């Protein structure tokens with residue numbers, strides 16, 4: 001960890017940031033904004049995040065600059081080894097007392113290792129959104145271990161990630177901290193009525209929201225299977241499915257067409273720009289995350305940023321984020337009957353106002369200041 005260091009003053013944060021799309025980009029922007037309130041903070045992002053051969057979709061979206069950091073240096077090319085030392089030189093020139101990197105996929109291992117070799121005397125922290133990827137592949141653990149071992153400490157957002165990190169690096173100082181909320185999507189402060197009018201929803205409909213990339217581990221098929229039981233017990237049920245289906249839309253639409261509750265579904269296929277997120281959460285009564293597996297979920301934190309209760313499954317860090325019986329319900333994974341019963345219970349017992357109040361009461365637990373304090377504490381314990 002190099003020489004004994006004085007009080008934390010300057011921080012360099014590495015990760016995607018606006019105009020890059022996605023939850024990690026949102027996270028990086030909000031983290032930097034928070035750190036800037038107290039420290040000299042410089043953000044270093046990617047001139048190239050993924051080569052087009054690996055990621056063919058558009059990687060940037062310019063709709064909502066509330067996540068933006070105006071003085072970001074877009075200098076890191078993840079696919080160019082000759083760039084890594086140059087980028088590290090730029091980072092070193094900012095004279096940071098701590099370098100904070102976002103970690104979510106082993107693709108970044110060669111780039112990060114290349115830069116960190118040139119920054120080896122500066123304390124490093126990894127914020128691990130996923131220690132290991134959702135979709136595993138050969139050598140992922142090897143690449144992850146080889147990168148994270150260079151850290152002075154790590155911060156994770158779920159017990160599952162803490163366990164994965166402990167198996168890879170038993171001696172690594174680590175702290176589990178709850179994922180902060182994303183309230184920056186609340187751009188216009190839309191009312192429920194305004195949002196429903198925009199989305200052509202009736203005031204008395206009971207609206208469920210499934211939001212985000214549609215992937216097998218997120219369990220949309222489980223929600224579809226639960227829908228018939230929900231519709232039988234919840235009058236005027238409406239289920240919004242909002243997100244990018246990728247290549248699998250036909251598989252899900254066929255399942256919906258075969259459901260007795262097919263008329264309840266409204267599908268909005270495709271990536272949702274940041275500026276268009278608000279009405280879906282503002283209009284909904286309940287967010288549903290029926291995941292088969294997860295470490296944590298930014299969708300839960302977007303929902304909480306709108307005061308919206310969540311029904312989630314007992315996987316990964318979701319039970320740590322959703323307080324069962326207070327800010328939503330936790331149900332067993334891959335259990336449509338339990339999911340249906342929880343949804344019906346929420347409406348039949350009239351939990352909306354109570355749960356929304358509880359979500360706002362827990363706002364401090366999900367604050368970005370808490371994340372900043374965690375970084376400060378870990379720096380003091382491991383980098384002095």
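Derivation of every value follows stated rules applied to the coordinates shown; laboratory data play no part. All figures in this text were calculated on a predicted structure; none of them were measured in a lab. Here the Cβ positions follow ideal geometry from the backbone for every residue, glycine too, while neighbour counts run over all protein chains shown.
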Would you give the gap between the C-alpha center of region 95-168 and the C-alpha center of region 317-346, rounded to a whole Å?
31 Å
Any chance you could run the full-extension gain for residue 62 through residue 136? It's 0.36 nm times the residue separation minus the Cα-Cα distance, nm to one decimal.
23.5 nm
Here, residue 354 and residue 48, labelled 7 Å along Cα→Cβ, have an inter-label distance in nm of 5.6 nm
Taking 2.2 N^0.38 Å as the expected size of a compact globular protein, what ratio does the Cα radius of gyration of region 1-131 give against it, to two decimals?
1.01
Running Debye on the chain with equal point scatterers at the Cα sites and no solvent, what base-10 log of I(q)/I(0) appears at q = 0.14 Å⁻¹?
-1.22
Could you work out how far helix 23-36 tilts from the main Cα principal axis of the chain, as a 0 to 90 degree angle to the nearest 10?
60 degrees
In degrees, nearest 10, the alpha-carbon axis of helix 159-168 is tilted away from the dominant principal axis of the alpha carbons of the chain by 40 degrees
Residue 260 paired with residue 293, simple spin-label distance in nm, labels 7 Å along Cα-to-beta-carbon
3.3 nm
Under the rule rounded for a/c under 1.5, else prolate if a/b exceeds b/c, else oblate, using alpha carbon gyration tensor axes a ≥ b ≥ c, region 192-365 is classed as rounded
Could you check which residue among 143, 339, 132 shows the biggest mean-square fluctuation in a GNM of the chain with a 10 Å Cα cutoff?
143
Please compute the modelled spin-label separation between residue 370 and residue 247, points set 7 Å along Cα→Cβ, answer in nm with one decimal.
4.0 nm
Tell me the angle of helix 81-93 to the major Cα principal axis of the chain, expressed in degrees between 0 and 90 and rounded to the nearest ten.
80 degrees
The chain - mean residue ellipticity at 222 nm from DSSP helices (-39,500 (n - 2.57) per run, n ≥ 4, rounded to 500)
-11000 deg cm²/dmol
